[in-house]
1. I need the full set of residues from the stretch 248-277 which are closer than 18 Å to THR161 by Cβ and outside any loop (DSSP other than H, G, I, E, B), in order please.
2. Between residues in the stretch 258-282 that are within 30 Å of ALA74 (Cβ to Cβ) and residues that are of a type outside the set (Ser, Thr, Tyr) and in a loop (DSSP other than H, G, I, E, B), which pairs lie under 7 Å by C-beta distance while being six or more apart or on different chains?
3. Among the listed residues ILE235, ILE245, identify the single one that is touching a Pro at 6+ places or on another chain (Cβ under 8 Å), surrounded by fewer than 17 Cβ atoms within 10 Å (Cβ to Cβ) and outside any loop (DSSP other than H, G, I, E, B).
4. I'm trying to understand the selection: among the residues of the stretch 153-173, which are of a type in the set (A, V, I, L, M), surrounded by fewer than 20 Cβ atoms within 10 Å (Cβ to Cβ) and in contact with a helix residue (DSSP H, G or I) (Cβ under 7 Å, 6 or more places away or on another chain)?
5. Could you run through the stretch 283-332 and say how many residues are over 24 Å from PHE126 (Cα atoms) and aliphatic (A, V, I, L, M)?
Amino acid sequence: MVPCLSILDEVKAALREGRSWRAAVVATWLTIHLLPGQAIAEGNPPPLTFGEARRLALERNTDLRVAQVQVGAALAQLRVASELPNPTLGLSTAKISTDGAPEGTALGNGLLNRSYDSIASLSQLFVVGKRGLMRDAASAGIRSAEFQRDEVRRLLLQAVTQAYVAALSAHKQADVLTDSASKLRREADVAEHRFKIGDLSSSDKAQLEIAADQDELNSYAEKAAAKTAVVTLEILLGEPSPAGITPLADTLDQWVERIPASLEQASIGTRPDIEAAESAVGQADVNVRLQQRLRIPDITASIQFERNPPGQTNTVGIGISVPLPLWDHFNGEILAAKAAREQTQAQLDKIRIQAAADLTAARVAYGEASQRAKRFQTSLVPKSAEVAKSISYAFQRGGATLTDLLEAERNDNVIRLAAVQSQADMASTAASLQAALGRLDGSDEH
């Protein structure tokens with residue numbers, strides 16, 4: 001495929017120089033029929049859409065998988081709380097001779113006919129007034145684990161969104177700098193012509209080349225930043241060997257267009273972190289009642305069968321045992337449960353305050369970023385481009401100095417890079433606002 005690529009480069013160069021309109025047709029044919037085959041042959045991954053990135057994150061992210069396992073563990077605790085304790089079977093034999101005297105009786109010398117006192121007992125523990133509370137506590141634990149899983153999911157989707165946006169922003173900033181370098185190289189070609197006729201000095205031409213080189217180096221840095229952002233995205237997607245080579249299908253402009261216009265005024269939805277904290281408080285309440293119920297003694301009922309041949313008949317006995325709460329009234333356990341309940345209530349209050357602060361900060365950040373991005377796109381970027389174009393036109397005809405050209409190109413770069421950053425900030429703060437509102441889920445793409 002390398003010869004095909006060299007042919008494609010040559011044809012595109014011919015098209016830029018205006019040598020043949022047929023070059024466009026040939027370049028298009030090569031791009032459609034040869035380059036995809038090369039990408040497949042080299043094992044390059046297909047472009048990743050944002051919707052696909054979210055789907056992969058929800059399927060493969062390790063933190064989310066751990067949270068799902070914790071839900072399974074909470075379900076297991078409910079199963080444990082619902083199970084009855086196992087009965088206890090006891091077998092004992094007494095009156096075994098230690099002086100070698102025979103143990104046989106008139107009934108015989110079998111194991112059951114000897115003059116042993118054999119007892120078989122079966123006992124069962126009955127938990128009094130606690131089993132329902134144990135199930136309630138386990139059920140509250142399940143709800144808390146599910147909400148914690150949903151919170152991990154919410155934060156994961158926010159992180160995926162911001163990593164995707166960061167990669168798109170770095171790619172677009174690299175494109176801006178590459179385009180600037182290309183413009184400066186064309187200006188350097190014009191300067192070469194003016195140098196030959198004595199209108200410019202060699203140092204003027206060198207300044208243009210230096211400026212172009214600087215923009216190229218800066219574009220390399222932005223490409224490296226984009227690769228780092230893609231590595232972060234691949235980690236969130238559960239990629240076994242993140243290398244930063246996944247191409248992205250969406251563009252930053254598409255992101256900005258898809259942000260709902262009414263997002264800033266959207267009402268707050270459900271926050272899983274708040275719901276998880278509320279479930280933890282409910283579980284703590286149940287645990288306080290459970291510790292108070294520990295003062296009620298549990299009952300152990302037993303039944304036994306006794307055989308002592310040959311003089312006594314077989315007998316059956318029943319018994320009940322109850323622990324006497326003389327010294328330990330479980331006051332320490334009750335106080336500890338109440339302290340844990342107060343701690344979970346304080347944590348709930350903290351999370352509610354933090355959620356409100358996050359929402360306020362997200363609204364302010366999104367409002368500022370959206371206004372800034374709108375102003376750049378509607379006013380600053382077109383004006384800067386027009387100024388740069390005018391000065392470039394004047395420079396090519398000797399009506400502007402090299403200093404004017406470099407200053408205009410530098411200012412235009414600053415404006416265009418700031419415009420890209422404003423779009424990235426708008427997309428990132430939109431994701432933060434959606435997350436703060438509790439509306440960042442996997443039901444829709446954005």
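Derivation of every value follows stated rules applied to the coordinates shown; laboratory data play no part. Everything numeric in this text was worked out from a predicted model, so none of it was measured. Methodologically, a virtual Cβ is constructed for each residue, glycine included, from the backbone with ideal geometry; neighbour enumeration extends over all protein chains shown.
1. LEU248, LEU252, ASP253, GLN254, TRP255, VAL256, GLU257, ARG258, LEU263, GLU264, PRO272, ASP273
2. Qualifying pairs under 7 Å: ILE268/GLY438; GLY269/GLY438; GLY269/ARG439; THR270/GLY438; ARG271/GLY438.
3. On the way: ILE245 fails: outside any loop (DSSP other than H, G, I, E, B).
Of the residues listed, the single one that is touching a Pro at 6+ places or on another chain (Cβ under 8 Å), surrounded by fewer than 17 Cβ atoms within 10 Å (Cβ to Cβ) and outside any loop (DSSP other than H, G, I, E, B) is ILE235.
4. ALA159
5. Of the residues in the stretch 283-332, 1 are over 24 Å from PHE126 (Cα atoms) and aliphatic (A, V, I, L, M).
Okay, residues lined up against (1) surrounded by fewer than 17 Cβ atoms within 10 Å (Cβ to Cβ); (2) more than 30 Å from LEU406 (Cα to Cα); (3) free of Cβ contacts under 8 Å to residues at least 12 places away in the same chain:
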site: VAL322; (1), (2), (3): yes, yes, no
site: ASN331; (1), (2), (3): yes, yes, yes
site: ILE334; (1), (2), (3): no, yes, no
site: LYS338; (1), (2), (3): yes, yes, no
site: GLN354; (1), (2), (3): yes, yes, yes
site: ALA362; (1), (2), (3): no, yes, no
site: PHE376; (1), (2), (3): no, no, no
site: SER379; (1), (2), (3): yes, no, yes
site: LYS389; (1), (2), (3): yes, no, yes
